[in-house]
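Data block below; observations after.
The values are calculated or read from the model by the stated rules, or taken from the named source; none is laboratory data. None of these values were measured; they are calculated from a predicted model. As a convention, Cβ positions derive from the backbone with ideal geometry for all residues, glycine included, and neighbour counts pool all protein chains shown.
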Amino acid sequence: MAVITIREALNQALAEEMRRDENVFLMGEEVAAYQGAYKVTKGLLQEFGEKRVIDTPIVELGFAGLGVGAAMAGLRPVVEFMTFNFSILATDQIINSAAKMLYMSGGQFNIPIVFRGPNGSAFQVSSQHSQALESWYAYFPGIKVVMPSTAADAKGLLKSAIRDDNPVIFMEQERMYGNKGEVPEDEDFTIPLGVADIKREGKDATIVARSLMVPVALKAAEELEKQDVSCEVIDPRTIRPLDIETIINSVKKTNRLVIAEESHPFCGVAAEISAEVMERAFDYLDAPVRRVTGADVPMPYAKNLENLAIPGVKQIVDAVREVAYI
Amino acid sequence: MSKQAKPSPSRAQAEDANAAGVLDREVAEEASQSQLEQEHEARKEEQKNRVEEVDRDLLLNLLYQMILIRRFEEKCAESYSLGKIGGFCHLYIGQEAVAVGAISAIEKDDYVLTSYREHGQALAKGVSADEIMAELYGKAGGCSSGKGGSMHLFDRDVNFLGGHAIVGGQIPLATGVAFAAKYRGTDRVALCFFGEAAVNQGAFHESLNLAQLWKIPCIYICENNQYGMGTALKRAMSLQDVWQKACSYEVMSEVVDGMDLLAVREAVLRAVERGRKESLPTFLEIRTYRFMGHSMSDPGNYRTRAEIEKYQERDPVKLFTASLKEQGIIDDAGVQEIESRVREEVERSVRFAEESPEPDPKELYTHVYKEQ
Amino acid sequence: MATQVVMPKLSPTMEEGQLARWLKKEGDKVSMGEPLAEIDTDKATMEMQSLGNGVLRKILIQEGESAPLGQIIAIIGEPDEDISALLAQAQSGASASSDKASSKAAPEEADAGEAPSAAQQEASGGEAPEPSSGNGAGARQDGSADGGRLVVSPIAARMAAEAGINLRSLTGSGPSGRIIKRDIEEAIKAVGAQAKEAPARSLRAVEPTTPAQQPEITGASPYRDEPMSEMRRVIARRLVTSIGPIPHFFLTTEIEMDNVAEMRASIKALDPELKISVNDIIIKVAAAALIEHPQVNASFQEKTIRYYERADIGVAVAIEDGLITPVIRSADRKSLSQIAAEVRELAERARSRRLKPEEYTGATFSISNLGMFGITEFTAVINPPEAAILAVGEMKPVPVVRNGQVVTRQIMRVTMSCDHRVIDGATGAQFLQTFKRILENPLYLIV
C-alpha cells in the first residue's frame, strides 16, 4: 500500500470515479484552472477537460442548485465548496431541494450528488471561516453526512459517496489535508457509508471522535494507557446514517463514554449520541456521558484564543479520567 | 402600524388605504394598462393571422386544455372549501394561456419545472388529471404518491420535474436540468416557470448569469401576474420592466401578452429554437393576471374588484374561444361538446381521487433515501 | 422547612404498609435517622427512620391503620412552623412522591439529577434494594444521600442487583458519594475473600462435606447464565401453553430413614445440647444433591437458564397469617449444626415477623415439610423463579419386604415439584436418586 496524504487520496478518488463514470463531473470555485483552492482537484482539468471540471463564479446557491437539477436529470455532480462556511449560502438548495426531492416526488427523483470541501477550523481564519456544520446537515433526513479522518477512509468513503444514489455531504478538514496514511491502490477499494471504525481497542472507556478529533483522541488514548486506563477510540466516519450499534456495543463493554467534537456543543452530534446511548445503554453506564466540544463562541482570531476554542489532548484525557473516576 | 410609527406621509396614506381594502392604483397603472391594451388590440389583429397558420386539431386541443385547466381549478376550489384538499392551494385561473401556450411549443421529452402554482402546467405537460386530483386529496394514487401535495406535483414519465415551493428555488434546478441535457449531447430544453416576485431572489440572478455564461438551453418564463402574494410589483421592485433584468446577463428577452395563447406559443417556439440550435437561454416576461387570490386563504384586500373585473374582460379562455369562433374553427355546439368532455374528465378525476386509498402507513418511512 | 413522612417501600413486593407502632408521639423531638415507627409489610415488621430534624408535629395515621406507598403519614417540622398547607395537602390524599414542591429540603436534593430513575430500577429487575425507598435501615453515606436517595450509577445498580449486594451497605467512591461499578466489584471481591478467610469453626458432631469452608455466608449464590438450547426453548413454550406459566410436574419417591434416625440418636449421644432435626438433615442432603445436580439448582430466565453455584435453601415456615420462606444461604457449605441453629433462629424471627427482605428472598430451591401434621405425601407449589420445591411427608414405620422377609422400616415419602421449562423428568429423577442415596446412607455426607 502506498503512503499518501489525505489530499492525494481525495484526488485519486475523484479521478478514479470520473474515469469510471462519464456522468460524474466536478464543479466549484477554483477547481479547474487554479487546480483547487486546497489542491484536491489538482490535475483533473488536464485529464478530463473543461466539460467535466468546471470553474464556477462565486455563486454558491446558483451552482449548488444547478448541481441538484443536473442530478435530477441523471448526472452525478461532485460540487466543491471552497469551505463549508460558504455552503450556508447554498443551504436552500441542499436542504429544500436535494434532501427532499425523492420524498416529495413519491420516490421518482433521487439526487445522486456529492457536496464536498473542508469543514471546521483552519489556522487563524476567525469566525466566518472556521465553522463545523455537520450537525446542521445531519439534522435532515434525506442527506448523508460523511467525515473521514484518515487517507484510506477519505478515499474509500469519497468513492462510495460518489457512487451513492443520494445527496452526500462530504466534509474534509483543512488542517488534515497533509496527514499521511496507507491507502490501498486497488481501484475497487471503497468503504461503505454508515459503518464506524474502531481506531483503537480498549476496555475502560470509549472515546467517540470524528474528523480532526480522531488523531487528538488517539493521542489522548496513548496518554491514558500510561496512566493504566485503556481507551477504545471509535470513529463513526459517517454521521448520518450513524453506526450507533458499534458505539452502543463499546459502551456496554467499557461503561463509560466521552465524545469529542470540534463543533459547538448545542444540538450537536455529541448531544445526539449521548441521547441514543442514554436511551439504549442506560443500564450499562457507570458515569454520565461526557462531551468535549469546541467552545460555544464564534471562533476568535488570536492564536492563543483559537487554541482555547478547539479541544485538545488534555481536555479528552481529563474527561476520560473524570468518567473513569480517577 | 401607521398609527404607532409615522413613516413618510405618502407611505402612510397608502397603508391606510390598503388596510381599508380600497386601495386603487387605477391612476398609477393607467399608463401601463393602456399601453398593454394597445398592444393587445394589435395582437388580436395578428392572432387572426396566427390562427390561420396553426393546425385545426391542435387549436381544438389547445382550447380543450385551456377549458380543462379552468374547470379543474374551479373543482379544486370547491373541493378545498369542502375540506377534501388540505394545506395550501394556489389556483391558476386567469393564467391558463401561459402554461398551455408555452408547453404546446415543446416536445414530450423536454422538461418542465415550475413553482407551487402548478396544476395548470402539470395538466398541460400531460400529467393525468386523475393523478393530480388524487395528489391534492393526499391519496396513494397521486402523481407523487400523496407525499407532495398541491405544491409538489411530479411525473417522471412526462418529464414534469416538479412544483417547488420555495420562491425561485426551481430556477437553479431548471438550469441544472438543461445543463445535463446539454452535457449528455441531447437537444432537449427545460422550461422554467416562476412568478415575477421570484425575479428579486438571488437564485434568479445567479442562474441567468450561469445560463448565458455556460450556454445552457433553459427557457425562463416569468409569469408576471403583478402580485407577489399580496404585494404589488411596484411595491417590491425598483426596476419594474421585468424583461430588462435579463439584459444584465445578456440573455435574450421578450415581453409577451399572457392573455393571448398563440402569442405565448410563438414566443416560446422562438426560444426553443434558440435553445436547440444555439444552446442559449431565453427570458420571457409574460404579462398575465390571476383572477383568484394568491391561495385559497387570501383575503384579497390588496386589490380592487374593479381591477379584477377589468382583467376578466380579457379572460384568456374567453378570448381564445372567441377567436376560434370568429375564424370558424368551432361553433357553440363544438364548445359545448368540449365543455362536456372536460366536465367528464374533471368528474372522473374527483372519483379517482375519492376512491384511491390513503397511503399505507409504512409509506411514511419510504423514499427518504434511495436504496443502492 | 417541614418534612413529610410518607409510607416507605420496605420490601420488594410491598404495596401498602400497616402502622404497627409509633415510636415517637406528637410533640417529640426527632432527628434524622432516628427510628420513628414500626411498619408491618406483607412480609415483616420493619423500622422506619426519620428523614428530617425537628418535632413530630402531626401523626396522620394511627396504629393499626394501613396506607399505600407514598401516602403522607406524618409531618415533621419546627415547633412553631405553619404546617397547615401540608396538612391540607395530606388530607386531600396527595402523595408526596407526586409533588415536587412538597418534597424534602430542596438544597439537599441538589444532585437528585444524578440519582437513578424509577425506570432504571425497574430495568434492574426489581431485585435491587430500592434506592428511593429512603426510609429503610440504610446509613447515609454523605451529604448527597440526605433525603434517603442513593446515588448510584446505572451499571452499578444492575451489578448489585445481580450479585445480591445491598447498595445501602456500600459507601460510594464516585463524586457526591455516587456508588460506581468499581465499588460493586470491590464488594463482590470482599464477599469472596470473606468466604475464603473465615476461620474454621470447631467441629462438632457430624462433619460437613468440606470442613475447611464454614463461612458465615450472607448474600445470594453466585450463578452463571447459559443460553437456552432451541429444544429447551420449544419445551418451555409448549409446556407453558399447556399448564400455566410454570409447567409443574411431580416426582415422588420413598426413602428409608432408619439410618438418619440412627445418626440423630448418635449425635444426641455425643452432645445432648446439639439439637439436629430430621428436617435439618434433609436440608443438608438436599443441598449436597443440588451441588451434584446443578440442573435442578437453576431458574428459568426467559432467554437463558441460570445455574447457581451454591445451594440457597428456602425453608417454608408457617406463621400466624401465612407462610414465609427464610433462606439458608449456602447450605451446601454449612455444617449441620450451623444449619440447625440458623433454621431455628430464622423461624423464630419469621414467626415474630422480624425477617429482613434479603432473608426471605432469593433461594435457589425450597423445602416444605408437613410431616409434623401427619401428612404422608403432598405436592407443593413452586416459588418462582426457583425451579423446584420438595414436599416432605411424615416419617413413619411401614412394613416392607427385605430379602424375602417382612420388616418395618422408617419410611418417608417426598414429592418434588419441578419446573418443566428447566428440569426434565429424568433430570429430576436423577436428583431424587442422589437425594435418596445420601439420606439412606448419611455417611455419604462425609465421604
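Matching residues to (1) assigned by TED's automatic domain parsing to the domain that holds A:ALA138; (2) touching a His at 6+ places or on another chain (Cβ under 6 Å); (3) charged (D, E, K, R):
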position: A:ILE239; (1), (2), (3): no, no, no
position: A:GLU245; (1), (2), (3): no, no, yes
position: A:LEU257; (1), (2), (3): no, no, no
position: A:ALA270; (1), (2), (3): no, no, no
position: A:THR293; (1), (2), (3): no, no, no
position: A:ASP296; (1), (2), (3): no, yes, yes
position: A:MET299; (1), (2), (3): no, no, no
position: A:VAL313; (1), (2), (3): no, no, no
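A:THR91 passes all but one of (1) over 27 Å from A:PRO298 (Cα atoms); (2) more than 10 Å from chain B (Cβ to nearest Cβ); which number fails?
Condition not satisfied by A:THR91: (1).
Find the residue count for the range B:106-165, including only residues that are surrounded by fewer than 23 Cβ atoms within 10 Å (Cβ to Cβ), touching a residue at least 40 places away in the same chain (Cβ under 8 Å), within 13 Å of chain A (Cβ to nearest Cβ) and among the basic types (Lys, Arg).
So the count comes out to 1.
Just checking, how many residues over the range B:347-367 are in contact with a helix residue (DSSP H, G or I) (Cβ under 6 Å, 6 or more places away or on another chain), within 14 Å of chain A (Cβ to nearest Cβ) and on the phi < 0 side of the Ramachandran plot?
Of the residues in that region, 1 qualify.
What number of residues in the range B:228-242 are more than 17 Å from B:ALA267 (Cβ to Cβ), out of contact with any His (no Cβ under 7 Å at 6 or more places or on another chain) and in contact (Cβ under 8 Å) with a residue 12 or more places away in the chain?
Going through the range B:228-242 one residue at a time, the tally reaches 7.
Considering only strands (runs of 3 or more DSSP E) fully contained in the range A:99-175, which possess at least 2 residues that are under 10 Å from the mean Cα position of the chain (by Cα) and more than 14 Å from every other protein chain (Cβ to nearest Cβ)?
Values: elements: A:114-118, A:144-146, A:168-172.
So the answer is A:114-118, A:168-172.
Taking the range A:247-267 as the region of interest, how many residues are under 22 Å from A:TYR137 (Cα atoms) and either of a type in the set (Ser, Thr, Tyr) or surrounded by fewer than 23 Cβ atoms within 10 Å (Cβ to Cβ) (or both)?
First pass over the range A:247-267, keeping only residues under 22 Å from A:TYR137 (Cα atoms): A:247, A:259-267.
Filter again for either of a type in the set (Ser, Thr, Tyr) or surrounded by fewer than 23 Cβ atoms within 10 Å (Cβ to Cβ) (or both), leaving A:263-267.
Result for the range A:247-267: 5.
Could you tell me which of the residues C:MET32, C:MET48 is of a type in the set (A, V, I, L, M), more than 26 Å from C:THR325 (Cβ to Cβ), modelled with pLDDT under 85 and surrounded by 15 or more Cβ atoms within 10 Å (Cβ to Cβ)?
C:MET32
Against the condition over 23 Å from C:PRO227 (Cβ atoms) and assigned to a helix (DSSP H, G or I), how does C:ALA363 come out, does it pass?
No, not satisfied.
Residue by residue through the range A:290-315, note down the ones that are of a type in the set (A, V, I, L, M, F, W, C) and not in a loop (DSSP other than H, G, I, E, B).
Residues satisfying the conditions are A:VAL292, A:LEU305, A:LEU308, A:ALA309, A:VAL313.
Quick one: is A:ALA209 within 20 Å of the chain's Cα centre (by Cα), modelled with pLDDT of 95 or more, more than 14 Å from chain C (Cβ to nearest Cβ) and closer than 28 Å to C:ARG182 by Cβ?
So A:ALA209 fits the description; yes.
What number of residues within the range B:166-194 are surrounded by fewer than 24 Cβ atoms within 10 Å (Cβ to Cβ) and more than 7 Å from chain A (Cβ to nearest Cβ)?
The qualifying residues number 7.
Report the residue count in the range A:25-72 for those that are within 12 Å of chain B (Cβ to nearest Cβ) and of a type in the set (S, T, N, Q).
The total comes to 1.
Taking the options A:GLU185, A:GLU223, name whichever one is assigned to a helix (DSSP H, G or I) and more than 14 Å from every other protein chain (Cβ to nearest Cβ).
Only one candidate qualifies: A:GLU223.
Quick one: is C:LYS58 over 29 Å from C:GLU359 (Cβ atoms), in contact with an Asp or Glu (Cβ under 7 Å, 6 or more places away or on another chain) and not assigned by TED's automatic domain parsing to the domain that holds C:GLU358?
Taking the combined requirement at face value, the residue satisfies it.
Give me the residue from the range A:275-289 that is touching a helix residue (DSSP H, G or I) at 6+ places or on another chain (Cβ under 9 Å) and either in a helix (DSSP H, G or I) or without any contact (Cβ under 8 Å) to a residue 12 or more places away in the chain (or both) and, out of that set, farthest from the other protein chains (Cβ to nearest Cβ).
The extreme case among them is A:GLU276.
Which residue out of A:GLU262, A:GLU272 is part of a helix (DSSP H, G or I) and not aliphatic (A, V, I, L, M)? Show your work before the answer.
Details: A:GLU262 fails: part of a helix (DSSP H, G or I).
Going through A:GLU262, A:GLU272 in turn, the sole match is A:GLU272.
Taking the range A:197-208, which residues are buried (at least 24 other Cβ atoms within 10 Å of the Cβ) and in contact (Cβ under 8 Å) with a residue 60 or more places away in the chain?
Listed by number, the residues that qualify are A:ALA205, A:ILE207, A:VAL208.
Which ones in the range B:347-365 are more than 25 Å from the chain's Cα centre (by Cα) and not aromatic (Phe, Trp, Tyr)?
Within the range B:347-365, B:ARG351, B:GLU354, B:GLU355, B:SER356, B:PRO357, B:GLU358, B:PRO359, B:ASP360, B:PRO361, B:LYS362, B:GLU363, B:LEU364 qualify.
In the range A:1-92, which strands (runs of 3 or more DSSP E) lie fully inside it and hold 1 or more residues that are surrounded by 23 or more Cβ atoms within 10 Å (Cβ to Cβ)?
It comes to A:24-28, A:53-55, A:76-80.
Considering the range C:408-431 alone, what residues qualify as being surrounded by fewer than 21 Cβ atoms within 10 Å (Cβ to Cβ), touching a Ser or Thr at 6+ places or on another chain (Cβ under 8 Å) and not hydroxyl-bearing (Ser, Thr, Tyr)?
C:ARG413
If you check C:GLU358 against the conditions, is it in a helix (DSSP H, G or I) and touching a residue at least 12 places away in the same chain (Cβ under 8 Å)?
For C:GLU358, the condition - in a helix (DSSP H, G or I) and touching a residue at least 12 places away in the same chain (Cβ under 8 Å) - is met.
Check A:MET299 against each of (1) surrounded by fewer than 21 Cβ atoms within 10 Å (Cβ to Cβ); (2) farther than 18 Å from A:ASP204 by Cα and name the one condition it does not meet.
Checking A:MET299 against (1) surrounded by fewer than 21 Cβ atoms within 10 Å (Cβ to Cβ); (2) farther than 18 Å from A:ASP204 by Cα, the one that fails is (1).
Does any residue of the range C:245-258 turn out to be outside any loop (DSSP other than H, G, I, E, B), modelled with pLDDT under 80, surrounded by 12 or more Cβ atoms within 10 Å (Cβ to Cβ) and not hydroxyl-bearing (Ser, Thr, Tyr)?
no
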